[in-house]
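Q: Sharing a structure below in structure tokens format, with a few things to ask.
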Amino acid sequence: MLRRVNSLLNADVLYALCSMGHGDKVVVADANFPGDSIARQTTLGRLIRIDNVEMSRAVRAILTVLPVEEAARMEVMGAPDEIPPIQEQVQEQLDRAEPEIGEMRGVERFAFYEEAKKAYCVIQTTDRRFYGCFILTKGVIPLNT
């Protein structure tokens, strides 16, 4: 075991996040996302899981170790400006951890799938709420940290 590492961050998650470089993207997705088929097309090439936890807790854990410079959310089909509760909760986590990045940009559902295929990896949760799909772009860690 490691000290001060959120227990939700299993070895696979830590390995993937540590292996990413500046500008690499991680998809954090709900249970409905086609995780395995998309993950096979990413750089890592396999699906990673964080099970039995709601999305905002999973994202909060990830943000304890991953600097983020940009975030995107999957838009609701037919209502791209609608922000479901799951997206509001993730935005709150981002605001706490990385306030300078502002609001997540919206990405149309099928464009989101295409962008996700170009990510470094996919981390899938068991949260079953709709539109709980996010892309986080890794930032840099400043010298004074």
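No value in this document is a laboratory result; all are computed from the given coordinates. All values reported here derive from a predicted model rather than from experimental measurement. Cβ coordinates were reconstructed from backbone atoms using ideal geometry, including for glycine residues, and neighbour counts include every protein chain displayed.
Q: Within the set of pairs 6 or more residues apart or between chains, which connect a residue that is more than 21 Å from Arg3 (Cβ to Cβ) inside the stretch 41-70 to a residue that is assigned to a loop (DSSP other than H, G, I, E, B) and acidic (Asp, Glu) with Cβ atoms less than 8 Å apart?
A: Partner pairs satisfying both residue conditions: Thr43/Asp24; Glu54/Asp127; Met55/Asp30; Met55/Asp127; Val68/Glu98; Glu69/Glu98.
Q: Follow-up. Please work out which residue is farthest from the chain's Cα centre (by Cα), limiting yourself to the stretch 40-85 and to residues that are closer than 18 Å to Tyr131 by Cβ and of a type in the set (Lys, Arg).
A: Per the stated criteria, the residue is Arg57.
Q: Pairs only if they're at least six apart or on different chains, beta carbon under 6 angstrom, first in the stretch 77-89 and hydrophobic (A, V, I, L, M, F, W, C), second surrounded by fewer than 17 Cβ atoms within 10 Å (Cβ to Cβ); list them, first residue then second.
A: Close Cβ pairs (under 6 Å, with a partner that is surrounded by fewer than 17 Cβ atoms within 10 Å (Cβ to Cβ)) amount to Met77/Arg109; Ile86/Arg129.
Q: Still on this model: Please report, ordered by residue number, the helices (runs of 4 or more DSSP H) entirely within the stretch 1-115 with at least 3 residues that are under 17 Å from Ile141 (Cα atoms) and out of contact with any Lys or Arg (no Cβ under 9 Å at 6 or more places or on another chain).
A: Numbers: elements: 11-19, 35-39, 55-63, 85-97.
Of the helices (runs of 4 or more DSSP H) lying wholly inside the stretch 1-115, those with at least 3 residues that are under 17 Å from Ile141 (Cα atoms) and out of contact with any Lys or Arg (no Cβ under 9 Å at 6 or more places or on another chain) span 11-19.
Q: Just checking, which of Arg73, Arg105 is more than 26 Å from Asp12 (Cβ to Cβ) and in contact (Cβ under 8 Å) with a residue 12 or more places away in the chain? Spell out the reasoning first.
A: Values: Arg73 fails: more than 26 Å from Asp12 (Cβ to Cβ).
So the residue among Arg73, Arg105 that is more than 26 Å from Asp12 (Cβ to Cβ) and in contact (Cβ under 8 Å) with a residue 12 or more places away in the chain is Arg105.
Q: If you don't mind, there's one more thing I want to ask. Please go through the stretch 31-55 and give me each residue that is within 20 Å of Val68 (Cα to Cα) and touching a Phe, Trp or Tyr at 6+ places or on another chain (Cβ under 7 Å), ordered by number.
A: Within the stretch 31-55, Thr42, Thr43, Leu44 qualify.
Q: Go through the stretch 16-60 and give me each residue that's within 19 Å of Leu94 (Cα to Cα) and among the acidic types (Asp, Glu).
A: Matches in the stretch 16-60: Asp24, Asp30, Glu54.
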